[in-house]
1. Would you check which residues across region 62-72 are closer than 19 Å to Val31 by Cβ and either open to solvent by 10 Å² or more (accessible area, probe 1.4 Å) or assigned to a loop (DSSP other than H, G, I, E, B) (or both) and list them?
2. Take the conditions β-branched (Val, Ile, Thr) and over 15 Å from the mean Cα position of the chain (by Cα) and apply them to Val104. Does it pass?
3. Considering only residues that are over 12 Å from Gly56 (Cα atoms) and among the small types (Gly, Ala, Ser), which ones fall in region 67-112?
4. Can you spot a residue in region 34-55 that is hydrophobic (A, V, I, L, M, F, W, C), touching a residue at least 60 places away in the same chain (Cβ under 8 Å) and part of a strand (DSSP E or B)?
5. Take the residues in region 5-33 that are touching a residue at least 40 places away in the same chain (Cβ under 8 Å) and of a type in the set (D, E, K, R), then tell me which one is most open to solvent (accessible area, probe 1.4 Å).
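The values are calculated or read from the model by the stated rules, or taken from the named source; none is laboratory data. Model, not experiment: these values are computed from the prediction. A quick note on method: Cβ atoms are made from the backbone with ideal geometry, for glycine too, and the neighbour counts reach across all protein chains shown. Accessible surface areas use protein heavy atoms only, side chains included; no ligands, DNA or RNA. Shrake-Rupley method; radii C 1.70, N 1.55, O 1.52, S 1.80 Å.
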Amino acid sequence: EQRLPDGSVVRLNTDTSLLWRGTEALREIDVELGGEIFVDVAKDADRPFVVRTDHGLATAIGTAFGVHARPEGTSVVVTEGVVEVLAHNAEAAPARRLAAGEAVDVTAGAGPGAVRDAASESLAWRQGRLVYDDVPLAQLVEDLNRYLPRRMTISDPALAATRVSAVLVLSDQETMLRGLAQVLPLDWVPLNDSVLVIHPS
């Protein structure tokens, strides 16, 4: 957890780095791809607070929200106040205004998608949990690789594309894999001390 010069508080998830810029007119954070943050914005009506990723901008005035900059797009989840989300290079696409409890995905050039209920993605990583709702196994494994000591790869493309919904408590790697194996036809084998290969069971 870090306190920014303007008084806002930002919490960084694993493998996240950011760049802060503050002027008399604007407060701005750049989040690199793969990064995920939760920020509790200090109220300052004269200086909008902007989080910038490769895909777009999320602008807030006195609010709390999360931003996850995945390679395929950025997700914005609002827990308090209102956030406006705008895509880069998508002049024809309107901005989306999110209220508390709402989320949206944004991709550069395409604009923000449909606003959705964020109840199932309440930034659970802050409590040591990961929540997934109908995502490819490959995305889940990519996220887990940010937390676990041995990197995991999936040997089978069909298995990698299998959709999964799960709530995982961050714990040791074997326990988490055993939990996944209860709902998916998978097994795993250590390739070496630093890599595990997941394959169909």
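1. The answer is Thr63, His68, Arg70, Pro71, Glu72.
2. For Val104, the condition - β-branched (Val, Ile, Thr) and over 15 Å from the mean Cα position of the chain (by Cα) - is not met.
3. Within region 67-112, Gly81, Ala92, Ala99, Ala100, Gly101, Ala103 meet the criteria.
4. yes
5. It comes out as Asp15.
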